[in-house]
Amino acid sequence: MALSVEQWHKRFEEQSRWTAPLRAFLFSQCGIDNSNEILEVGCGTGAVTRTLHTDSQLHLTGIDLQLDRVHYATAQDSVSRYTCANALELPFPSGHFDIVYCHYFFLWLGDRAKDALGEMKRVTRKGGAIVAIAEPDHLARLDYPAELEELGRLQTRSLARQGACVDMGRKLPGLFAQSGLEDIRFGQSGFQNNVGTLPGWFGSEWTTYREDLHEDLTPADLDQLESIDQEAWLSGMRVLTIPTFYAIGIKH
């Protein structure tokens, strides 16, 4: 059964918490204190855009292709402006925004990512910044203990089946370089877990697993894997890493 928009919002909020320290660092590098117009491309339910409300000078805009997510974002956030639009044809004049960013977005575009980045560059002012905050590289995923390696392989295969570019993370620096942006910087986000406890995102993660893997595994198989996963976290044995890259570029 497909996830509801409320379930997606919960998932997006979890992802937003993962990258909160990194976003603060990246936006400080972009000069957000001297910015006015900010655009998020692929904003989903507005989980990230809403976190910028603390800076009242900002005019925040988010676009997403899925209308139900735009409606949800608008209902939850009366400060920002949300529009249903295609990232390949942004409905904004050239040079309008000081910062244009995306969050777990390019992986869903594959070969079209370069066209979306071109549009993001078009609507950014000269001297403005384009930021890709989080693009994972699922082909470099590591699962431990060994009983959970198949879970990672199936998840990666499911994402590819859904149209995701599962190695977008490693392609991100080249994507920015080929776009003609300058002063490009990239790196990987850090992630910290506590040993012997379930991470707060465990339930959200398994809601996503069950949605993604229902064609590959029976409910009983999924129950068993979830139990193994939970036990591994609680015993301190669990390791789960998906290298996730960021990049910043300046339009000149």
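The values are calculated or read from the model by the stated rules, or taken from the named source; none is laboratory data. Just so you know, these numbers come straight off a predicted model, no measurement behind them. Here Cβ is always computed from backbone atoms with ideal geometry, including for glycine, and neighbour counts include all displayed protein chains. Remember, those area values only see protein heavy atoms, side chains included, never the ligands or the DNA or RNA. Shrake-Rupley method; radii C 1.70, N 1.55, O 1.52, S 1.80 Å.
One table, with the values for the structure above:
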{"quantity": "The stretch 157-252 - charge dipole about Cα centre, Lys and Arg +1 at Cβ, Asp and Glu -1, debye rounded to 20", "calculated": "560 debye"}
{"quantity": "Length gained when the stretch GLU231-HIS59 is fully extended (0.36 nm per residue, less Cα-Cα span)", "calculated": "57.4 nm"}
{"quantity": "Relative pair counts by distance (%), Cα atoms of the stretch 66-131, 10 Å bins", "calculated": "20, 46, 32, 2"}
{"quantity": "C-alpha long axis of helix 219-235 to longest principal axis of the chain, angle in °", "calculated": "80 degrees"}
{"quantity": "Sulfur and carbon atoms: percent of accessible area, the chain [1.4 Å]", "calculated": "52 percent"}
{"quantity": "Principal-axis tilt of helix 5-29 within the chain, Cα atoms, nearest 10 degrees", "calculated": "60 degrees"}
{"quantity": "Residue among TRP108, LEU90, LEU52 farthest towards the positive dipole end of the chain, charges placed on Cβ", "calculated": "LEU90"}
{"quantity": "More than 23 angstrom apart: percent of Cα pairs within the stretch 72-217", "calculated": "49 percent"}
{"quantity": "Cleavage-rule hits, GluC sites (Glu not before Pro), the stretch 201-235, DSSP coil, Cβ neighbours within 10 Å at most 10", "calculated": "GLU215"}
{"quantity": "Within the stretch 85-223: Cβ-based charge dipole about Cα centre, in debye rounded to nearest 20 (Lys, Arg +1; Asp, Glu -1)", "calculated": "780 debye"}
{"quantity": "Theoretical FRET efficiency, 1/(1+(r/R0)^6), r = Cβ-Cβ of ASP223 and SER94, R0 41 Å, to 0.05", "calculated": "0.20"}
{"quantity": "Inter-label distance, nm, simple model (7 Å from Cα along the C-beta direction), ALA2/ILE250", "calculated": "4.3 nm"}
{"quantity": "Choice from PHE92, PHE27, PHE106 with maximal GNM fluctuation in the chain (Cα, 10 Å cutoff)", "calculated": "PHE92"}
{"quantity": "Charge dipole magnitude, Cβ of K and R +1, D and E -1 - the chain, Cα centre, debye nearest 20", "calculated": "960 debye"}
{"quantity": "The chain: most fluctuating residue of LEU117, LEU60, LEU222 per GNM, C-alpha cutoff 10 Å", "calculated": "LEU222"}
{"quantity": "Rough spin-label spacing in nm, given labels placed 7 Å along Cα→Cβ, for ASP111 and ALA140", "calculated": "2.5 nm"}
{"quantity": "Residue among HIS138, HIS96, HIS214 with the largest mean-square fluctuation in a Gaussian network model of the chain, springs linking Cα atoms under 10 Å", "calculated": "HIS214"}
{"quantity": "For the stretch 226-249 and the stretch 29-76, distance of Cα centres in Å", "calculated": "28 Å"}
{"quantity": "(i) 1.02; (ii) 0.94; (iii) 1.09, with the label sought being that of the calculated Cα Rg over 2.2 N^0.38 Å", "calculated": "(i)"}
